[in-house]
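S.K.: Pasting a structure here, questions to come.
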Amino acid sequence: MTVQRIVGKVRRVNGPVIEADGITDAMIYELVRVGNEHLVGEIIKLEGAGAVIQVYEDTVGIAPGAPIYGDNIPLSIELGPGLIGGIYDGIQRPLEEIRKISGPYIARGIQVPSLDREKKWQFTPQCTVGKEISAGMVLGTVQETELFIHSILVPPGVKGTLTSVVPEGEYTVTDTIAVAATGKGEQPLTLMHQWPIRSARPVTQRLPLDIPLITGQRVIDTLFPVAKGGTVAIPGGFGTGKTMTQQAVAKWCDADVIVYIGCGERGNEITDVLREFPAIIDPRTGRSLMERTVLIANTSNMPVSAREASIYTGVTMAEYFRDMGLHVAVMADSTSRWAEALRELSGRMEEMPAEEGFPAYLPTRIAEFYERAGYMKTLCGKEGSVTLIGAVSPPGGDFSEPVTQHTKRFIRCFWGLDRQLANARHYPAISWLDSYSEYLVDIASWWEREGSTTWEQDRHVIMDLLQREVKLQQVVKLVGPDALPDSQRFILEVCTLFKNAFLQQNAFDKIDMYSTVEKQTKMLNIIITYYQRGAEAIKNGSTLVTMRKMKVYQDIIKMKFSIPNDDLSGLDKIAAKLERSFDRLSFSPEKG
Ligand SMILES: Nc1ncnc2c1ncn2[C@@H]1O[C@H](COP(=O)(O)OP(=O)(O)O)[C@@H](O)[C@H]1O
Ligand SMILES: [Mg+2]
């Protein structure tokens, strides 16, 4: 990127925060380069001739008087072919390219373009000279990976008539592929364009959220589903499974593109993603998962200010893919580390701290982030969505702290991780008592149409049993299980069965790691049938012991591991066997 002009000089350096003076013609949020090393920064406060700059690299060695260069654009990222499979830092510097040049640590001031400038892409135009174009329209396509077709969009803000279009052929991201005559003169269009990360990309319209994002995780899809375009928080103390849950969703959910933001967590978790994702085959496409993933890594050992920027970089990429008419899921792990970056920067700017040292604008920032989720009608008339799933890591697992509390105000789906469940190795440790989804009513008709006609009802039955279990457990604690009648002890037993055979899901087991909607509904149905027929049998004089002896009980316990997603006939057999076992029981209740 060419450096345009000197806009001021350094007055004071305070870690990643630099105060500048002598500012002439800079704008707020302008991208700047600081010192002779050209460290990347952003003007975050402007007052007369003074400015505060947030620098995204280590500022050691920068001294008062050092020049500040302005780039004349707000902090932006590059959007175009080459994003898929990319690994970037919080301000979209390509980590792999940088490693080749500067080794394992990022050299300061290094300038490597985010998208490869040399690589040629096969571009197929879908427009001709004379066509009226406007923002979001599709100019043509690039086959980015074997399966991924990258739509080349007219960038937001551009409107005019095409005066030239290149023929089909190979072009780099900066080659001119079309020229438009606009009100502001001739505008060349390229395969890539830039977009400022702090501004949401425009859409035509927000649409209702009534299609679930299927994650393959039973406790999520069946009990606490999220809609495509929805917002989720996953709060949990250290080691309760936030990262595992996000990775499981990233692996198996039915989004077209995954943007995975490793934000202030340990570097080895990103390494896990890098090692595992290429090897995992997406069951829907038969291709490597990396072919639908973009990784943003700003781990705990990288600069805090770039961490602050990373979630905006991630969500901007997600919006870009959404604008092509795709469904995108964004994982941010963790938003608490992002909030801590905000706190550190705010502290250095000597702003008035609010709760627990966080700046008073923390809730606004959290709200602004989650507002960028949604199911949208895009400018090109297609439908696309951005689903935001943020992990929250409250210190000491205390959900009453500010980040968890404020996040709760802005999300509509809450997968609360429970320390006791994690300790008991019940994974995913998503609490069925604390968690909720506000999308249930809206997605019920999808389930009715595409999933199972009994989902809503079955879910209701099982949630009711889980609530009743809490009260029954209290009684058991006081007076022991023998005080309960068989009908109530049976409820406890069904709940235990449901937890073991359904809710617990082993992320490391080849078959159990994900369950299709069909498998989930059949499994749930079997357990509900077991409950209903069992309750009836007990009324008719059967005992718990005889029911436990039914052979089919063992089949139910094992079904999640034994029945593969691509052949569910085993579940139909279990269902039939279950009915037969109860039929026999009712003929001879005492023998079983
Ligand atoms: N679904 C799961 N299946 C199996 N093990 C799990 C699952 N979820 C969590 N775990 C176990 O819990 C450990 C900690 O999970 P992790 O996601 O790293 O926690 P956090 O990110 O909340 O600190 C994992 O290393 C793994 O052993
Ligand atoms: Mg983690």
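The values are calculated or read from the model by the stated rules, or taken from the named source; none is laboratory data. The structure displayed is predicted, hence computed values, not measured ones. Cβ atoms come from the backbone with ideal geometry, glycine included; neighbour counts cover every protein chain shown. Ligands, DNA and RNA are excluded from the accessible area calculation, which covers all protein heavy atoms including side chains. Shrake-Rupley method; radii C 1.70, N 1.55, O 1.52, S 1.80 Å.
S.K.: So in region 77-87, with the set limited to residues that are modelled with pLDDT of 95 or more and assigned to a strand (DSSP E or B), which one is farthest from Asp175 (Cα to Cα)?
M.R.: Among residues in region 77-87 that are modelled with pLDDT of 95 or more and assigned to a strand (DSSP E or B), the one farthest from Asp175 (Cα to Cα) is Ile77.
S.K.: Next up: Please go through (1) modelled with pLDDT of 95 or more; (2) more than 16 Å from ligand 2 (Cβ to nearest atom) for Ser400 and return the number of the only condition it doesn't satisfy.
M.R.: Failing condition for Ser400: (1).
S.K.: For region 465-523, give me each residue that is under 24 Å from Lys539 (Cβ atoms) and among the small types (Gly, Ala, Ser).
M.R.: Gly480, Ala483, Ser487, Ala501
S.K.: Do we find a residue being more than 24 Å from Leu571 (Cα to Cα) and in a loop (DSSP other than H, G, I, E, B) anywhere in region 483-499? Steps first, answer last, please.
M.R.: Going through region 483-499, the residues more than 24 Å from Leu571 (Cα to Cα) turn out to be 483-489.
Now restrict to residues that are in a loop (DSSP other than H, G, I, E, B): 484-485.
Yes, region 483-499 contains a residue that is more than 24 Å from Leu571 (Cα to Cα) and in a loop (DSSP other than H, G, I, E, B).
S.K.: To continue, here is another question. Quick one: which of Gly70, Gly65 is small (Gly, Ala, Ser) and assigned to a loop (DSSP other than H, G, I, E, B)?
M.R.: Working: Gly70 fails: assigned to a loop (DSSP other than H, G, I, E, B).
Answer to the selection: Gly65.
S.K.: Being on the phi > 0 side of the Ramachandran plot and either outside the structural domain of Ala501 (by TED's automatic domain parsing) or at pLDDT below 90 (or both), is that true of even one residue in region 264-277? Even if it seems obvious, please write down each step before you answer.
M.R.: Our first condition is that a residue be on the phi > 0 side of the Ramachandran plot; within region 264-277, this holds for 264.
Cutting the leftovers down to either outside the structural domain of Ala501 (by TED's automatic domain parsing) or at pLDDT below 90 (or both) gives us 264.
Yes: region 264-277 contains one or more residues that are on the phi > 0 side of the Ramachandran plot and either outside the structural domain of Ala501 (by TED's automatic domain parsing) or at pLDDT below 90 (or both).
S.K.: Would you confirm whether or not region 88-99 contains a residue that is in contact with a His (Cβ under 8 Å, 6 or more places away or on another chain), closer than 30 Å to Thr145 by Cβ and open to solvent by 10 Å² or more (accessible area, probe 1.4 Å)? Break it down into steps so the answer makes sense when it comes.
M.R.: Initially, region 88-99 is screened for residues in contact with a His (Cβ under 8 Å, 6 or more places away or on another chain), giving none.
So far as region 88-99 goes, no, none of its residues is in contact with a His (Cβ under 8 Å, 6 or more places away or on another chain), closer than 30 Å to Thr145 by Cβ and open to solvent by 10 Å² or more (accessible area, probe 1.4 Å).
S.K.: Pull up region 483-504, narrow it to residues that are touching a residue at least 60 places away in the same chain (Cβ under 8 Å) and open to solvent by 10 Å² or more (accessible area, probe 1.4 Å), then point me to the one that is nearest to ligand 2 (Cβ to nearest atom).
M.R.: Going through region 483-504, the residues touching a residue at least 60 places away in the same chain (Cβ under 8 Å) turn out to be 497, 499, 502-504.
Okay, now just the ones that are also open to solvent by 10 Å² or more (accessible area, probe 1.4 Å), so 499, 504.
Working: Lys499: 24, Gln504: 20 Å.
Only one residue tops the list, namely Gln504.
S.K.: A follow-up question, please. Out of region 208-251, which residues are within 16 Å of ligand 2 (Cβ to nearest atom) and touching a Cys at 6+ places or on another chain (Cβ under 8 Å)? Full working, then the answer.
M.R.: First pass over region 208-251, keeping only residues within 16 Å of ligand 2 (Cβ to nearest atom): 232-251.
Val232, Ala233, listed by residue number.
S.K.: Among the numbered criteria (1) within 22 Å of Asp572 (Cβ to Cβ); (2) of a type in the set (Lys, Arg); (3) modelled with pLDDT of 95 or more, which single criterion is violated by Lys510?
M.R.: Lys510 satisfies every listed condition except (3).
S.K.: So, in region 317-343, exactly how many residues are in a loop (DSSP other than H, G, I, E, B) and among the hydrophobic types (A, V, I, L, M, F, W, C)?
M.R.: To start, the set of residues in region 317-343 that are in a loop (DSSP other than H, G, I, E, B) comprises 324-326, 334.
Next, from what is left, pick out any that are among the hydrophobic types (A, V, I, L, M, F, W, C): 324, 326.
Count: 2.
S.K.: So which of Lys549, Lys560, Lys539 is modelled with pLDDT under 95, basic (Lys, Arg) and closer than 24 Å to Gln457 by Cβ? Give the derivation first.
M.R.: Working: Lys549 fails: closer than 24 Å to Gln457 by Cβ; Lys560 fails: modelled with pLDDT under 95.
Just one listed residue meets the conditions, Lys539.
Let's see how each residue does on (1) open to solvent by 30 Å² or more (accessible area, probe 1.4 Å); (2) not basic (Lys, Arg):
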position: Arg108; (1), (2): yes, no
position: Val142; (1), (2): no, yes
position: Ile149; (1), (2): yes, yes
position: Thr176; (1), (2): yes, yes
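S.K.: Can you confirm whether region 288-295 contains a residue that is within 16 Å of ligand 1 (Cβ to nearest atom), within 20 Å of Ala248 (Cβ to Cβ) and open to solvent by 20 Å² or more (accessible area, probe 1.4 Å)?
M.R.: Filtering region 288-295 for residues within 16 Å of ligand 1 (Cβ to nearest atom) gives none.
No, region 288-295 contains no residue that is within 16 Å of ligand 1 (Cβ to nearest atom), within 20 Å of Ala248 (Cβ to Cβ) and open to solvent by 20 Å² or more (accessible area, probe 1.4 Å).
S.K.: Okay, next question. Checking Asn540 against (1) open to solvent by less than 40 Å² (accessible area, probe 1.4 Å); (2) away from ligand 2 (no atom under 16 Å from the Cβ): exactly one of these is not met. Which one?
M.R.: In the conditions (1) open to solvent by less than 40 Å² (accessible area, probe 1.4 Å); (2) away from ligand 2 (no atom under 16 Å from the Cβ), Asn540 misses (1) alone.
S.K.: Please specify each residue of region 267-316 satisfying the condition of being touching a residue at least 40 places away in the same chain (Cβ under 8 Å) and assigned to a loop (DSSP other than H, G, I, E, B).
M.R.: Listed by number, the residues that qualify are Pro283, Thr285, Arg287, Met302, Pro303.
S.K.: Can you find a residue that is in contact with a Lys or Arg (Cβ under 7 Å, 6 or more places away or on another chain), aromatic (Phe, Trp, Tyr) and modelled with pLDDT of 95 or more anywhere in region 430-445? Quick ask: steps written out before the conclusion?
M.R.: Looking only at region 430-445, we keep the residues that are in contact with a Lys or Arg (Cβ under 7 Å, 6 or more places away or on another chain), and these are 438-439.
Applying the additional criterion that residues be aromatic (Phe, Trp, Tyr) yields 439.
When the remaining residues are screened for being modelled with pLDDT of 95 or more, the result is 439.
So far as region 430-445 goes, yes, one or more of its residues are in contact with a Lys or Arg (Cβ under 7 Å, 6 or more places away or on another chain), aromatic (Phe, Trp, Tyr) and modelled with pLDDT of 95 or more.
S.K.: Please pick out the residue among Arg284, Arg266, Arg275, Arg218 that is among the charged types (D, E, K, R), closer than 26 Å to Phe561 by Cβ and within 14 Å of ligand 1 (Cβ to nearest atom). Lay out the reasoning, then the answer.
M.R.: Values: Arg284 fails: within 14 Å of ligand 1 (Cβ to nearest atom); Arg266 fails: closer than 26 Å to Phe561 by Cβ; Arg275 fails: within 14 Å of ligand 1 (Cβ to nearest atom).
Of Arg284, Arg266, Arg275, Arg218, the one residue that is among the charged types (D, E, K, R), closer than 26 Å to Phe561 by Cβ and within 14 Å of ligand 1 (Cβ to nearest atom) is Arg218.
S.K.: Just give me the residues in region 519-575 being within 22 Å of Trp447 (Cα to Cα), under 30 Å from the mean Cα position of the chain (by Cα) and in a helix (DSSP H, G or I), in sequence order.
M.R.: Correct list: Lys519, Gln520, Thr521, Lys522, Met523, Leu524, Asn525, Lys560.
S.K.: Regarding Leu153, is this residue touching a strand residue (DSSP E or B) at 6+ places or on another chain (Cβ under 8 Å), closer than 22 Å to Thr316 by Cβ, open to solvent by 30 Å² or more (accessible area, probe 1.4 Å) and not assigned by TED's automatic domain parsing to the domain that holds Gly286?
M.R.: Details: touching a strand residue (DSSP E or B) at 6+ places or on another chain (Cβ under 8 Å): yes; closer than 22 Å to Thr316 by Cβ: yes; open to solvent by 30 Å² or more (accessible area, probe 1.4 Å): no; not assigned by TED's automatic domain parsing to the domain that holds Gly286: yes.
Judged against the criteria, Leu153 is not a match.
Residue-wise test of (1) closer than 29 Å to Glu340 by Cβ; (2) within 15 Å of ligand 1 (Cβ to nearest atom); (3) at pLDDT 95 or above; (4) not assigned by TED's automatic domain parsing to the domain that holds Asp333.
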site	(1), (2), (3), (4)
Lys382	no, no, yes, no
Val386	yes, no, yes, no
Gly396	yes, yes, no, no
Ile411	yes, no, yes, no
